[in-house]
Amino acid sequence: MELNCDMGEAYGIYSFGADEALIEHVGLANVACGFHGGDPVVLQETVRLANQHGVRVGAHPSYPDREGFGRRAIEMGRDELAACLIYQIGALRGFLDAEGMALSHVKPHGALYGRAARDRSVADAVADAASVFGVPVLGMAGTLHEEVYTSRGLEFMAEYYADLDYDDDGGLIITRKHVAYDPAVAAERVARVIREGVAVSANGREIPMRADTVCVHSDTPNAAELAAAVREVLDGAA
C-alpha cells in the first residue's frame, strides 16, 4: 500500500503546503494542474522534485475555481468538464515528458472528487478524461468512483484519508481548511484499515473501509509528521 499526497498547490509568490518535507515519505504525488492551485513554474518545480526522489506523479485536476481552491462545485456539462480535465492533465504531462517521466494516475480534487462519487455524469467526465491518457484513477471504494471507472475499463485505486474525518455512512467530511491530526492516532487508524478493513467515523462508529493507498494532504498543519507516522505503518505492513 502506497502513501499519496496532493502537492504543487502553490501559486505565484504564494507558498502552500509542505511539499519538500513530505516528498521523502510519499510514493505518489498528486500534482495540481493550475485550476485550483499551481502555475507553470510550480508544476515544473514539483515534477522535478518528485523525479529527484523517485516519486511517481499523477494529475490532480479540479473545477476551474482558483479563488475557492477547487472546493466549490461548478455546474458544467459532461463534455465541457471532460475537456477541462484533459486540458489540465495534458499540461502536467508536458512537464513530465520534459523530465522523462510517465503520467502515473489521475485523482480529481476537492469538489470535483466529491461530486464524482455521487453524480454519474461527473464520474463519466472524469473517466472520459482518464481514458484519453490510459492511467488509473484514485477514488473512494463503494461509490460511483469505483462503479463508473471500473465499468469503463480503467484501473481503480481506492483511498483512505489519514487527515480527514468520515461520517457514519463512510462519506468524507471535507472542510475548507484542514486541521492538525495526532500522528499516533492517525497511524493506528491506518493500521486498522490495513489489518481489519475498518475505519472509525467522527462519531466513533466503525465503518468498513477498503484501501489501496493512503492520502495525506500537504496543507494539513502537521503534514510531514503525520506522513512519517503513516509511512512507518505502511512499511511495516509491506
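The values are calculated or read from the model by the stated rules, or taken from the named source; none is laboratory data. Bear in mind that the values here come from a model prediction, so they are computed numbers and not experimental data. We place every Cβ from the backbone using ideal geometry, glycine too, and count neighbours over all the protein chains shown.
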(message) Taking the criterion of being within 24 Å of ASN203 (Cβ to Cβ), exposed (fewer than 13 other Cβ atoms within 10 Å of the Cβ) and β-branched (Val, Ile, Thr), would at least one residue in segment 142-156 satisfy it?
(response) no
(request) Pull up segment 130-186, narrow it to residues that are among the small types (Gly, Ala, Ser) and touching a residue at least 60 places away in the same chain (Cβ under 8 Å), then point me to the one that is nearest to ILE86 (Cα to Cα). (result) ALA141
(request) Taking only segment 36-78 into account, find how many residues are more than 15 Å from the chain's Cα centre (by Cα), assigned to a loop (DSSP other than H, G, I, E, B) and at negative phi. (result) 13
(message) Return the residues of segment 94-117 that are assigned to a helix (DSSP H, G or I) and more than 17 Å from the chain's Cα centre (by Cα); say none if nothing qualifies.
(response) GLY94, PHE95, LEU96, ASP97, ALA98
(request) Kindly indicate the residue of segment 12-33 that is in a strand (DSSP E or B) and modelled with pLDDT of 95 or more and also farthest from ASP65 (Cα to Cα) among those meeting that condition. (result) LEU28
(request) Show the residue pairs that are 6+ apart or on different chains and have beta-carbon atoms under 6 Å apart, the first residue being within segment 87-101 and farther than 15 Å from ALA50 by Cα, the second being crowded, with 17+ Cβ neighbours inside 10 Å and aliphatic (A, V, I, L, M). (result) ILE89/ALA59
(request) Tally the residues that are among the acidic types (Asp, Glu) and closer than 17 Å to ASP6 by Cβ, restricting the search to segment 103-152. (result) 0
(request) Can you work out which of the residues in segment 201-230 that are in a strand (DSSP E or B) and touching a helix residue (DSSP H, G or I) at 6+ places or on another chain (Cβ under 6 Å) is nearest to MET1 (Cα to Cα)? (result) VAL214
(message) Looking only at segment 135-194, count every residue that is part of a strand (DSSP E or B) and β-branched (Val, Ile, Thr) and tell me the total.
(response) 2
(message) Among the listed residues ALA125, ALA116, ALA50, identify the single one that is in contact with a strand residue (DSSP E or B) (Cβ under 6 Å, 6 or more places away or on another chain) and in contact (Cβ under 8 Å) with a residue 24 or more places away in the chain.
(response) ALA50
(request) Scan segment 118-132 residue by residue and report those that are surrounded by 17 or more Cβ atoms within 10 Å (Cβ to Cβ) and either part of a loop (DSSP other than H, G, I, E, B) or in contact with a His (Cβ under 9 Å, 6 or more places away or on another chain) (or both). (result) ALA123, VAL126, ALA130
(message) So in segment 157-170, with the set limited to residues that are farther than 16 Å from GLU2 by Cβ and of a type outside the set (Asp, Glu), which one is surrounded by the fewest Cβ atoms within 10 Å (Cβ to Cβ)?
(response) GLY170
